[in-house]
Amino acid sequence: MTSLAERYDEVLGRISHSAAVANRNADEIKLIVVTKNHSAALVTELLDLGARDFGENRDQEAKPKAADVAAHEMQLGLQRTYDWHFVGQLQSNKVKSAISYADTVHSLDRDSLLEALMKATAERANPLDVFIELNLTDDAGRGGIEPKHLEAFAEKVIQQPKLRLLGVMGVAGLEREPAAEFAVIRGASETLQKVAPSAKFISAGMSEDFEAAILAGATHLRIGTAITGKRQY
Ligand SMILES: *Cc1c(COP(=O)(O)O)cnc(C)c1O
């Protein structure tokens, strides 16, 4: 049995190594620890280890967890800054709640969600960071924007003053080899930058495939089990 600290360090080491192999600066790669199905106490432990970005995929679970972590920080008089990332499918009726704690939504994948985000961000001071999620499967009914519709969808997103488009997000390996899908994500990112030059970030790479994602240019890794251990259900 390894400890959380050992697993976290091991993943950090693998990220640095892959960045070196890819001739990239490890500082440009953000590690988001996906803490879904884990407690607020685990998030606090990760904060102690130096982690500052956390990913969740269900609002019902994430909202109270975020509140617990914040309360704990307050109690200890700590002022550590950290960010929550919403990485899962987001229902429109959960948008308002999700963006009350999440700083970044990685799963903008349809017009109706864009509309809900526009409404919910209207009164905000600072724009909300978003990634457009790609559909990498051949099934158009699956969540995500098909790469061929990316530019048209991105045009709508960048017109929103309260949304800041960071780039594309993808979950690889559902149908093909992750490396092949990372190449598709990379190509989509290049296409996107033609209409949105600053949207150069790529949210890709999970426990099983983050090294390949780094080679393909991923800037935001979403890593769960390799760090947290098996999720409890
Ligand atoms: C759960 C999840 C992850 C992390 O998956 P692991 O295989 O545990 O690293 C990454 N991205 C999304 C969208 C997820 O839902």
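Okay, here's what the table says:
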{"quantity": "Region 1-103: relative contact order as a whole-number percent, Cα under 8 Å and 6+ apart", "calculated": "23"}
{"quantity": "Accessible surface of the chain [probe 1.4 Å, protein heavy atoms]: carbon and sulfur percent", "calculated": "50"}
{"quantity": "Mean shadow area of the chain, taken as a quarter of the surface of its Cα convex hull (nm²)", "calculated": "12.9"}
{"quantity": "Calculated from backbone phi, Karplus (6.51, -1.76, 1.60) coupling profile of region 162-175 in Hz, x at Gly/Pro", "calculated": "9, 10, 10, 7, 8, x, 10, 10, x, 10, 8, x, 6, 10"}
{"quantity": "Around Glu181: net Lys/Arg minus Asp/Glu count, Cβ-Cβ under 11 Å", "calculated": "-1"}
{"quantity": "Derived scalar couplings ³J(HN,Hα) [region 121-133; Karplus, 6.51 cos²θ - 1.76 cosθ + 1.60; whole Hz; x for Gly, Pro]", "calculated": "9, 3, 8, 5, 7, 9, x, 8, 7, 9, 10, 8, 7"}
{"quantity": "Mean Cβ count within 10 Å, highest first, over the residues of peptides 31-42, 148-159, 70-81, 209-220", "calculated": "209-220, 31-42, 148-159, 70-81"}
{"quantity": "Where Cα atoms sit under 14 Å apart: lysine pairs in the chain separated by 8 or more or lying on different chains", "calculated": "11"}
{"quantity": "Only Lys, Arg (+1) and Asp, Glu (-1) charged, at Cβ; region 47-95 dipole about Cα centre in debye", "calculated": "120"}
{"quantity": "Estimated inter-spin distance, Lys230 and Asp68, nm [label 7 Å along Cα→Cβ]", "calculated": "2.1"}
{"quantity": "Sorted peptide list for 99-109, 170-180, criterion being average Cβ within 10 angstrom, highest first", "calculated": "99-109, 170-180"}
{"quantity": "Å² of accessible area per residue within the chain, as computed with a 1.4 Å probe and no ligands counted", "calculated": "49"}
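The values are calculated or read from the model by the stated rules, or taken from the named source; none is laboratory data. The structure presented is a predicted model; accordingly, all values stated were derived computationally and were not measured. Because the Cβ atoms are built from the backbone with ideal geometry, glycine has one as well, and the counts that use them run over all protein chains shown. With ligands, DNA and RNA removed, areas are computed over all heavy atoms of the protein, side chains included. Shrake-Rupley method; radii C 1.70, N 1.55, O 1.52, S 1.80 Å.
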